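**Student:** Have a look at the structure that comes next, please.
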Amino acid sequence: MIRNYIEEANFEDTGFSYTLSLISGKHKMVILYCLMEYEPVRFNELKRYLKNISDKTLSSNLKELEKDRLIVRKEYPQIPPKVEYSLSDRGRSLMKVLDQLCVWGEENKN
């Protein structure tokens, strides 16, 4: 089915390609999963969940996910600054797809 879909259209113009562009990279799916499990989450909490990620990489990924409207960044007007991240409605709808990847992985990892 995917092959026929790709053959009929330029791959870059497919919904499949668009979805992959939103979640591509080493950390984005893990960030989304953490937000699904623990939201809202602060920057340092995400860093602890992801373990081996630099501040710059995490910040860049969060900005991209926010730009793609998959997450919401909420900044509180206080000192010291407090920022929390959570899934947007659009991000929650993507989690249905990512959840199916987890189900498939559990069924086929042996």
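**Student:** Restricting to Cα pairs below 8 Å that are 6+ residues apart, what does the relative contact order work out to for the chain? Please round to a whole percent.
**Tutor:** With pairs under 8 Å counted, the relative contact order is 24 percent.
**Student:** If you don't mind, there's one more thing I want to ask. Quick one: angle between helix 28-38 and the longest Cα principal axis of the chain, in degrees between 0 and 90, rounded to 10, please.
**Tutor:** Long axis of 28-38 versus the principal axis of the chain: about 60 degrees.
**Student:** Here's a follow-up. Once R0 is set to 25 Å, what does the formula 1/(1 + (r/R0)^6) return for the Cβ-Cβ distance between Cys102 and Lys82, expressed as a FRET efficiency to the nearest 0.05?
**Tutor:** 0.20
**Student:** Just from its helices, what would the mean residue ellipticity at 222 nm be for the chain, if runs of 4 or more DSSP H residues each count -39500 (n - 2.57) and the sum is divided by every residue, rounded to the nearest 500 deg cm²/dmol? Walk me through the numbers before you get to the answer.
**Tutor:** Values: 6 runs with 68 residues, N = 110.
The helix contribution divided over the chain gives -19000 deg cm²/dmol.
**Student:** Sticking with this one: So what's the angle, to the nearest 10 degrees on a 0 to 90 scale, between helix 89-108 and the longest Cα principal axis of the chain?
**Tutor:** Relative to the chain, helix 89-108 is tipped by roughly 60 degrees.
**Student:** Would you mind counting up the charge near Val30? Only other residues with Cβ under 11 Å from its Cβ, with Lys and Arg at +1 and Asp and Glu at -1.
**Tutor:** Net charge around Val30: +2.
**Student:** All other residues with a Cβ under 12 Å from the Cβ of Ser59 taken together, and with Lys, Arg as +1 and Asp, Glu as -1, what is their net charge?
**Tutor:** +1
Bear in mind these aren't lab numbers, they're just calculated from the coordinates by the rules spelled out. Values in this document were obtained by computation on a predicted structure and should not be read as measured data. For neighbour counting, all protein chains shown are included, and Cβ atoms are generated from backbone atoms with ideal geometry for every residue, glycine included.
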